[in-house]
């Protein structure tokens with residue numbers, strides 16, 4: 001999943017639409033609660049403001065280093081610190097490489 005796909009999913013959810021089926025979520029769905037809608041909208045705006053949808057290209061060296069740390073059993077926080085990157089960046093790259101299934105910390 002790339003950053004554009006992630007933002008599109010968040011936008012769909014904030015609009016009360018299932019991002020996969022494109023069906024409108026029921027009125028009593030948890031994602032249609034006002035506080036959840038506000039949180040999703042604010043998240044989308046914040047991510048767009050920091051340029052989240054612009055793809056950062058990892059170098060081969062960075063990917064190799066990430067894989068070395070990951071397969072050595074280090075956690076995301078340690079890897080991020082050692083590589084000088086945000087934990088979120090590490091998680092997104094691990095998702096992109098299909099090393100973790102979703103945006104949960106490995």
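Quick notes on this one:
- Qualifying position, being in contact with a helix residue (DSSP H, G or I) (Cβ under 8 Å, 6 or more places away or on another chain), buried (at least 16 other Cβ atoms within 10 Å of the Cβ) and modelled with pLDDT of 90 or more, among 7, 94: 94
- Boolean, residue 13 is in a helix (DSSP H, G or I), modelled with pLDDT under 90, out of contact with any strand residue (DSSP E or B) (no Cβ under 6 Å at 6 or more places or on another chain) and on the phi < 0 side of the Ramachandran plot: no
- Residue in region 20-27 that is within 17 Å of the chain's Cα centre (by Cα), at pLDDT 85 or above and loosely packed, with under 15 Cβ neighbours inside 10 Å present: yes
- Only one entry of 74, 52 meets the criterion of being touching a helix residue (DSSP H, G or I) at 6+ places or on another chain (Cβ under 6 Å) and either farther than 27 Å from residue 15 by Cα or outside any helix (DSSP H, G or I) (or both), and that entry is 52.
- Any hit, region 27-39, residues being in contact (Cβ under 8 Å) with a residue 12 or more places away in the chain, out of contact with any helix residue (DSSP H, G or I) (no Cβ under 7 Å at 6 or more places or on another chain) and over 21 Å from residue 92 (Cβ atoms): yes
- Subset of region 28-48 [exposed (fewer than 11 other Cβ atoms within 10 Å of the Cβ) and farther than 22 Å from residue 4 by Cβ]: 28, 30, 34, 35
- Filter pass, residue 79 being part of a loop (DSSP other than H, G, I, E, B), surrounded by 15 or more Cβ atoms within 10 Å (Cβ to Cβ) and either modelled with pLDDT of 85 or more or in the same structural domain as residue 9 (by TED's automatic domain parsing) (or both): no
The values are calculated or read from the model by the stated rules, or taken from the named source; none is laboratory data. In this text, all values refer to a predicted model and were calculated from it rather than measured experimentally. Here the Cβ is made from the backbone with ideal geometry for all residues, glycine too, and neighbour counts use every protein chain on show.
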